[in-house]
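Data first, discussion second: the structure below is written as structure tokens.
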Amino acid sequence: MNAQEILSQMVARGVSDVFIITGKPISYKQGTVINVYDDKVLMPSETQEFIREIYELADNRSVAHLVESGDDDFSFAIKGVSRFRVNAYRQRGTFAAVIRVVSFDMPDPVRMHIPTEVSKLAELSRGLVLITGPAGSGKTTTLATIINSINQNRNAHVITLENPIEYLHRHAKSIVSQREIDIDTTSYAKALRATLRQSPDVILIGEMRDAETISTALTAAETGHLVLSTLHTIGATNTIDRLVDSFPAEQQNQVRMQLSMVLQSVVSQQLIPMESGEMMPAFEVMHANPAIRNLIRDGRTHQIPSVINSSADDGMVGMDLSLLMLYEAGSISFTNMIKFALQPEALERLAVSRHNNKDDIEGRR
């Protein structure tokens, strides 16, 4: 059975990831559980052949980058089946790959449990919006729903810079230009500089990896564009500190000043395992109100959580409170609520005080 047939079966089963690794049968992830496709252990030659077929499916993409660097990111589609995002890599002298299944259809924010407060970010016309969280937490999916909302409801030029492209946006009310790093351009920084000469209204940067990209993004947000991007951080405080710390010490005050003026929102998300094996997202939402802007400018980011927790009327919610609400709704366990908390001891005390019954809490662990 060839790669296309196996991947088609995986899509039919509703899996999220497929693992092709020598010394292990073809494996796949459903929810938080990894299962094996069959009992046939892959030999090095079989793994290499499977990966060669994947490269052929990706418009006969060259394997030269994988051979030279040991890693390669790309995406491809099987007509009538699905899109796939691939990370191919070398391990223990053999090639391997992890293949993420990406639907042709735009994700539904309601079905994905994305809060209305996050979806409303599509209504912004300028400034910087950051979607953050660990790898695999659904940042790309959240961004795709925001871009899709803009595309369906606004007359704008949207330019996305991605590595690789996952969701394909068909032109609707907006024009959507999607550029893939290493195929359509050489780097985020170079592509972003060029983007400013391409009459954009909305710019999506798949990931801000270096000071040059961050600096150009801040400039784009300052000059009246809506800029959306991601970072691998959890919590608004960590996100802002990471951005500032990307620059030399002598530039950090200027960066804080820029951030305090252009930052609109920071959304942090985590995927929490449920007893059913499915995943439930938890969101922290911070909007840059005057108090937040002052804290960023003055370097007092450690006080941001207090402002978030006292600003529910402005649509803000902290990560730990979001986890507590999911627990109280019966969506996640007490154990996982504490495991994914930013301040686990404080959250446990808050949970006990809200329920006023420690025995009940203990029974639901």
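Is it true that some residue in segment 67-86 is in a helix (DSSP H, G or I) and either surrounded by 15 or more Cβ atoms within 10 Å (Cβ to Cβ) or basic (K, R) (or both)? Within segment 67-86, not a single residue is in a helix (DSSP H, G or I) and either surrounded by 15 or more Cβ atoms within 10 Å (Cβ to Cβ) or basic (K, R) (or both).
The numbered conditions (1) without any contact (Cβ under 8 Å) to a residue 60 or more places away in the chain; (2) within 26 Å of E278 (Cβ to Cβ); (3) among the β-branched types (V, I, T) are all true for V63 except (2). The residues in segment 239-265 that are of a type outside the set (V, I, T) and under 20 Å from G127 (Cβ atoms) can be counted, and the count is 15. Checking R111, R52, R90 one by one, the residue that is farther than 30 Å from L243 by Cβ, charged (D, E, K, R) and outside the structural domain of S16 (by TED's automatic domain parsing) is R111 and no other.
Would you mention how many residues in segment 323-357 are free of Cβ contacts under 8 Å to residues at least 12 places away in the same chain, in a helix (DSSP H, G or I) and not charged (D, E, K, R)? Here the count works out to 6.
State whether one or more residues within segment 8-15 are in a loop (DSSP other than H, G, I, E, B), under 30 Å from N151 (Cα atoms) and not assigned by TED's automatic domain parsing to the domain that holds N148. Looking for residues that are in a loop (DSSP other than H, G, I, E, B), under 30 Å from N151 (Cα atoms) and not assigned by TED's automatic domain parsing to the domain that holds N148, one finds at least one in segment 8-15, hence yes. Taking L121 and the conditions (1) under 23 Å from S75 (Cα atoms); (2) of a type outside the set (D, E, K, R); (3) part of a helix (DSSP H, G or I), which numbered condition does it fall short on, given that it satisfies the others? Going through the list (1) under 23 Å from S75 (Cα atoms); (2) of a type outside the set (D, E, K, R); (3) part of a helix (DSSP H, G or I), L121 breaks only (1).
Is it the case that segment 204-221 has a residue that's under 25 Å from A291 (Cβ atoms), in the same structural domain as P305 (by TED's automatic domain parsing), in contact (Cβ under 8 Å) with a residue 40 or more places away in the chain and in contact with a Gly (Cβ under 9 Å, 6 or more places away or on another chain)? So far as segment 204-221 goes, yes, one or more of its residues are under 25 Å from A291 (Cβ atoms), in the same structural domain as P305 (by TED's automatic domain parsing), in contact (Cβ under 8 Å) with a residue 40 or more places away in the chain and in contact with a Gly (Cβ under 9 Å, 6 or more places away or on another chain). Checking each residue in segment 306-322 for being among the charged types (D, E, K, R) and without any contact (Cβ under 8 Å) to a residue 24 or more places away in the chain picks out only D313. Number of residues in segment 1-29 that are under 20 Å from S276 (Cβ atoms) and in contact with a helix residue (DSSP H, G or I) (Cβ under 7 Å, 6 or more places away or on another chain) equals 1. Out of the residues in segment 48-66 that are in a helix (DSSP H, G or I) and in contact with a Phe, Trp or Tyr (Cβ under 6 Å, 6 or more places away or on another chain), state the one that is farthest from K24 (Cα to Cα). That would be L57. The set of residues from segment 16-42 being in contact (Cβ under 8 Å) with a residue 40 or more places away in the chain, touching a strand residue (DSSP E or B) at 6+ places or on another chain (Cβ under 6 Å) and not in a loop (DSSP other than H, G, I, E, B) comprises D17, V18, F19, I20. Out of all the residues in segment 155-162, is one or more among the acidic types (D, E) and either surrounded by 17 or more Cβ atoms within 10 Å (Cβ to Cβ) or under 13 Å from the mean Cα position of the chain (by Cα) (or both)? Yes, that holds for at least one residue.
Every condition in (1) touching a helix residue (DSSP H, G or I) at 6+ places or on another chain (Cβ under 6 Å); (2) free of Cβ contacts under 8 Å to residues at least 40 places away in the same chain is met by N153 except one, and the failing one is (1).
From the list S276, S268, S260, the lone residue that is assigned by TED's automatic domain parsing to the domain that holds E328, within 28 Å of P164 (Cβ to Cβ) and among the hydroxyl-bearing types (S, T, Y) is S268.
Residues in segment 184-220 that are of a type in the set (A, V, I, L, M) and in contact with a Lys or Arg (Cβ under 7 Å, 6 or more places away or on another chain): A191 only.
The values are calculated or read from the model by the stated rules, or taken from the named source; none is laboratory data. If you're wondering where the values come from, they're calculated on a predicted model, not measured in any experiment. When we count neighbours, we look across all protein chains shown, and the Cβ atoms used for this are built from the backbone with ideal geometry, even at glycine.
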